[in-house]
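Novice: Dropping a structure here in structure tokens format, bear with me for questions.
The values are calculated or read from the model by the stated rules, or taken from the named source; none is laboratory data. Source: prediction; values computed, not measured. Positions of Cβ are generated from backbone atoms using ideal geometry, with glycine treated the same way; all protein chains shown enter the neighbour counts. Please note that ligands, DNA and RNA were not included when accessible areas were found on the heavy atoms of the full protein model with its side chains. Shrake-Rupley method; radii C 1.70, N 1.55, O 1.52, S 1.80 Å.
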Amino acid sequence: VMIIAEPWGGGYDPERFSDIGWSSWNDHFRNGVKGKNSRDGLGFIFGRWEDGSDGDRLARFVMGSLREYGGQYQEVAHNVNYLESHDDHTLGDFIRIGLRDVDENRAIQNLTEHARVRGDQLALNKLAAIFLFTSQGAVMVHEGQSWGRSKVIAKTDAPDPRVGYIDHNSYEKDNETNWLNWDHKELNRDLVEYYRGLIALRNTYSEFRRSCPDDFSFLHVGRQVAVAYVLKNTFAVLMNGSPGRELEIELPEGMWEVLVDAESVDLDGKAQVNGKIRIPPKAGMVLRRLN
């Protein structure tokens with residue numbers, strides 16, 4: 001039996017949960033990566049430091065949020081990384097609102113166009129997914145997250161003055177608001193395939209699941225909102241949260257193949273790079289050393 005706890009409600013204490021061997025949702029990871037709220041608490045993928053985050057905190061997140069590095073958990077197995085759950089905005093809606101593409105206080109007029117993920121919305125969804133699937137700890141993906149699902153209040157027999165508005169917290173609605181629209185999955189096939197590729201990356205290479213802090217070598221990113229590291233001298237993970245500035249990285253010696261970039265995932269290798277490379281704004285890359 002796996003028990004994953006929500007360590008708040010009657011008090012906030014993920015540390016004690018870990019002490020008794022329980023795993024729990026890592027809300028520090030969630031808030032640091034996407035933000036605490038979409039109005040004035042944006043996080044890494046928006047090029048911001050949220051809730052006291054900085055480069056050291058990002059490093060802690062990717063290593064598993066262990067207590068010896070200032071995190072909450074005695075063991076990585078107790079750490080459940082996630083970006084959305086049953087409550088609050090979906091990741092897709094958080095990004096829509098955070099980018100100011102959507103006003104949560106206005107009704108959606110064209111649901112299909114609203115549900116379509118493209119441009120900066122697509123870039124931020126992909127960057128968040130890279131961060132999630134390359135970090136140590138269990139990974140939780142909520143229903144519809146892989147296509148940037150939006151929760152819009154449906155018109156039903158239940159009276160609701162906000163029909164047509166994005167729902168901030170739909171946990172109490174036993175109606176169509178919480179149903180999945182599989183047409184929207186097909187509408188956002190690009191993002192779905194990106195998630196599929198990152199799942200395959202994590203399943204194929206145990207380094208992204210079973211590494212310890214000593215396996216990480218962090219690369220210098222200056223004052224930029226970014227994190228870059230080499231894992232077990234075999235993989236390089238480079239993530240640039242800055243919205244308008246490239247990240248320039250000098251790779252360790254050798255030739256590297258690109259498994260993941262801003263556009264897609266290809267475990268057969270998309271291209272080969274070496275020396276100094278540039279990561280576009282709002283994008284990430286995963287490389288594997290060839291020699």
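Novice: Quick one, what does Rg over Rh come out to for the range 243-291 if you take C-alpha atoms and the Kirkwood Rh?
Specialist: Ratio value, two decimals: 0.97.
Novice: For the range 90-159, what is the per residue volume of the convex hull drawn over the alpha-carbon atoms, in cubic angstrom?
Specialist: Normalising the Cα hull of the range 90-159 by residue number yields 110 Å³.
Novice: Looking only at Cα atoms, what is the convex hull volume of the range 149-268 per residue, in Å³?
Specialist: Value for the range 149-268: 186 Å³ per residue.
Novice: Over the Cα atoms of the chain, how large are the radius of gyration and the largest Cα-Cα distance (Dmax), in Å?
Specialist: Rg, Dmax (Cα atoms, Å): 19.0, 64.
Novice: With runs of 4+ DSSP H residues as the only contributors, calculate the mean residue ellipticity of the chain at 222 nm using -39,500 (n - 2.57) per run, divided by the residue total and rounded to the nearest 500.
Specialist: Here the helix-only value at 222 nm equals -7000 deg cm²/dmol.
Novice: Could you work out the percent of alpha carbon pairs in the range 61-120 separated by over 12 Å, rounded to a whole number?
Specialist: Of all Cα-Cα distances in the range 61-120, 75 percent exceed 12 Å.
Novice: Protein chains only, probe 1.4 Å: how do 68, 113 rank by accessible area, largest first?
Specialist: From most exposed to least exposed: 68, 113.
Novice: Can you return the lysines within cross-link range of residue 34? Criterion is Cα-Cα under 21 Å, with same-chain partners fewer than 8 residues away left out.
Specialist: Within the straight-line limit of under 21 Å, residue 34 reaches these lysines: 126, 151, 282.
Novice: The range 228-291: which GluC sites (Glu not before Pro) are DSSP loop and have at most 16 other beta-carbon atoms within 10 angstrom?
Specialist: Passing sites in the range 228-291 are 246, 253, 263.
Novice: The range 71-206: D in µm²/s via Stokes-Einstein (Kirkwood Rh, Cα pairs, 4 °C, 1.567 mPa s)?
Specialist: 81 µm²/s
Novice: Let me know the Kirkwood hydrodynamic radius for the range 127-210, please, with Cα pairs as the basis and the value in Å to one decimal.
Specialist: Mean inverse Cα-Cα distance, inverted, gives 14.8 Å.
Novice: Sticking with this one: Where does each of 208, 216 land when they are ordered by accessible area, with a 1.4 Å probe and the largest first?
Specialist: Order by accessible area, largest first: 216, 208.
Novice: Measure nothing but the geometry: give the 0 to 90° angle between the long axis through the Cα atoms of 189-204 and the longest principal axis through the Cα atoms of the chain, rounded to 10°.
Specialist: So the inclination is approximately 40 degrees.
Novice: Give me a comma-separated list of calculated 3J(HN,Hα) values for the range 94-101, in order, Karplus coefficients 6.51, -1.76, 1.60 applied at θ = phi - 60°, integers in Hz, x for any Gly or Pro.
Specialist: In residue order, the calculated couplings are 4, 5, 4, 6, x, 7, 6, 6 Hz.
Novice: Now for a separate question. Would you kindly state how much longer the chain becomes between residue 266 and residue 111 on full extension, computed as 0.36 nm times their sequence separation minus their alpha carbon distance, in nm to one decimal?
Specialist: 52.6 nm
Novice: What FRET efficiency do you get for residue 273 and residue 245 if R0 is 25 Å and r is their Cβ-Cβ distance, rounded to the nearest 0.05?
Specialist: 0.80
Novice: Largest first and in whole Å, what are the equivalent-ellipsoid semi-axes of the range 1-106 based on the Cα gyration tensor, each being the root of 5 times an eigenvalue? Walk me through the numbers on the way to the answer.
Specialist: On the way: eigenvalues 136, 54, 21 Å².
Listed largest to smallest, the semi-axes of the range 1-106 are 26, 16, 10 Å.
Novice: Probe of 1.4 angstrom, ligands and nucleic acids ignored: what's the accessible area per residue over the range 54-188, in square angstrom? Display every interim value, and only then the final one.
Specialist: Values: 5950 Å² over 135 residues.
Heavy-atom accessible area per residue stands at 44 Å².
Novice: Leaving out ligands, DNA and RNA, what percent of the accessible area of the range 49-143 is carbon and sulfur, probe 1.4 Å?
Specialist: Looking at the range 49-143 in its full context, I get 42 percent from C and S.
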